[in-house]
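Novice: Okay, here's the structure, questions in a sec.
The values are calculated or read from the model by the stated rules, or taken from the named source; none is laboratory data. None of the values given here were measured: they were computed from a predicted structure. Please note: Cβ atoms are built from the backbone with ideal geometry, for glycine as well, and neighbour counts cover all protein chains shown. These area figures cover heavy atoms from the full protein model, side chains too; ligands, DNA and RNA do not enter into them. Shrake-Rupley method; radii C 1.70, N 1.55, O 1.52, S 1.80 Å.
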Amino acid sequence: MNRVVHPIEQESFRRLRARLDTSRFPPLTRAVVERVIHSAADLEYASDLVLDEGELVGAHAALHAGAPVVVDVEMVAAGITRRETVCRLGDAVAGPGLTRSAHAVRLAYEEVGPGALWVIGCAPTALEELLTLDASPALVVGLPVGFVGAAESKAALRQSGLPAVSNVSEKGGSAVAAAALNALLYHPIPTEETL
């Protein structure tokens, strides 16, 4: 099913490309960078995001093959428009040394097992917890926002060697995390003619 793009979105991307040359990026990297910038109207993401085209290719294939998508909060889930997601925050309970967000990650992992795509846009502790699990993710979109732990958790994600989309700064959030995943959802599946 082809996605119908609204004229406002088309114009927004035209203006984005008029202000920033994204043609130097490989296809999936370009898709993620542009959609994240579009979601935040923040051109600085072009130099702040850290991603790898090969990892995105693998994640794109896993996503379109039906791999589960796990989110840290319902706001991220609400932004992912073409896929069901798993969010266990409503079932999670904080405890000594464990935030609700971290507990939700544990619960979600028990549900989906390895190979999922994880989209974390709110809680650094969710990202930190994911890094303690043997989740073998297809991709971690690690874009939590905040002044406490956000940049550090994203640095730890990059150091983990897991396939990831992250950024260097403290900024991020639900909208940009959902946008990164949507970029992979919206990007066409390669056909024999396009390979």
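Novice: Could you say whether any residue in region 131-140 is assigned to a helix (DSSP H, G or I) and touching a residue at least 12 places away in the same chain (Cβ under 8 Å)? Outline the logic, then answer.
Specialist: From region 131-140, those assigned to a helix (DSSP H, G or I) are 131-132; that's our starting set.
With the extra rule that they be touching a residue at least 12 places away in the same chain (Cβ under 8 Å), the set shrinks to 131.
Checked against the condition, which is being assigned to a helix (DSSP H, G or I) and touching a residue at least 12 places away in the same chain (Cβ under 8 Å), region 131-140 yields at least one hit.
Novice: What number of residues within region 1-20 are open to solvent by 80 Å² or more (accessible area, probe 1.4 Å) and touching a helix residue (DSSP H, G or I) at 6+ places or on another chain (Cβ under 8 Å)?
Specialist: Total meeting the criteria: 1.
Novice: It is to be established whether one or more residues within region 112-120 are more than 21 Å from VAL33 (Cα to Cα) and β-branched (Val, Ile, Thr).
Specialist: Looking through region 112-120, at least one residue is more than 21 Å from VAL33 (Cα to Cα) and β-branched (Val, Ile, Thr).
Novice: I want to confirm something. Restricting to region 141-156 and keeping residues that are part of a loop (DSSP other than H, G, I, E, B) and open to solvent by 30 Å² or more (accessible area, probe 1.4 Å), which single residue is nearest to MET75 (Cα to Cα)? Break it down into steps so the answer makes sense when it comes.
Specialist: Of region 141-156, the ones part of a loop (DSSP other than H, G, I, E, B) are 143-149.
If we keep only those that are open to solvent by 30 Å² or more (accessible area, probe 1.4 Å) as well, we get 145, 147-148.
Working: VAL145: 13, PHE147: 19, VAL148: 20 Å.
Residue satisfying both the conditions and the ranking: VAL145.
Novice: Go through (1) surrounded by 14 or more Cβ atoms within 10 Å (Cβ to Cβ); (2) in contact with a helix residue (DSSP H, G or I) (Cβ under 8 Å, 6 or more places away or on another chain) one by one and return the number of the condition THR81 breaks.
Specialist: The one condition THR81 does not meet is (1).
Novice: What number goes with the only condition from (1) among the acidic types (Asp, Glu); (2) under 21 Å from PRO137 (Cβ atoms); (3) out of contact with any helix residue (DSSP H, G or I) (no Cβ under 9 Å at 6 or more places or on another chain) that ASP72 does not pass?
Specialist: Unmet condition: (3).
Novice: Please go through (1) out of contact with any strand residue (DSSP E or B) (no Cβ under 9 Å at 6 or more places or on another chain); (2) among the hydroxyl-bearing types (Ser, Thr, Tyr); (3) closer than 20 Å to GLY54 by Cα; (4) in contact (Cβ under 8 Å) with a residue 60 or more places away in the chain for SER169 and return the number of the only condition it doesn't satisfy.
Specialist: All conditions pass for SER169, except number (3).
Novice: Having 1 or more residues that are within 21 Å of PRO144 (Cβ to Cβ) is the bar; report the helices (runs of 4 or more DSSP H) wholly within region 1-109 that clear it. Steps first, please.
Specialist: Values: elements: 7-19, 27-40, 45-48, 53-64, 74-79.
Output list reads 27-40, 45-48, 53-64, 74-79.
Novice: With the condition kept exactly as written, say whether any residue in region 111-118 is open to solvent by 20 Å² or more (accessible area, probe 1.4 Å), at pLDDT 95 or above, of a type in the set (Gly, Ala, Ser) and under 18 Å from GLY161 (Cβ atoms).
Specialist: Yes - at least one qualifying residue is present in region 111-118.
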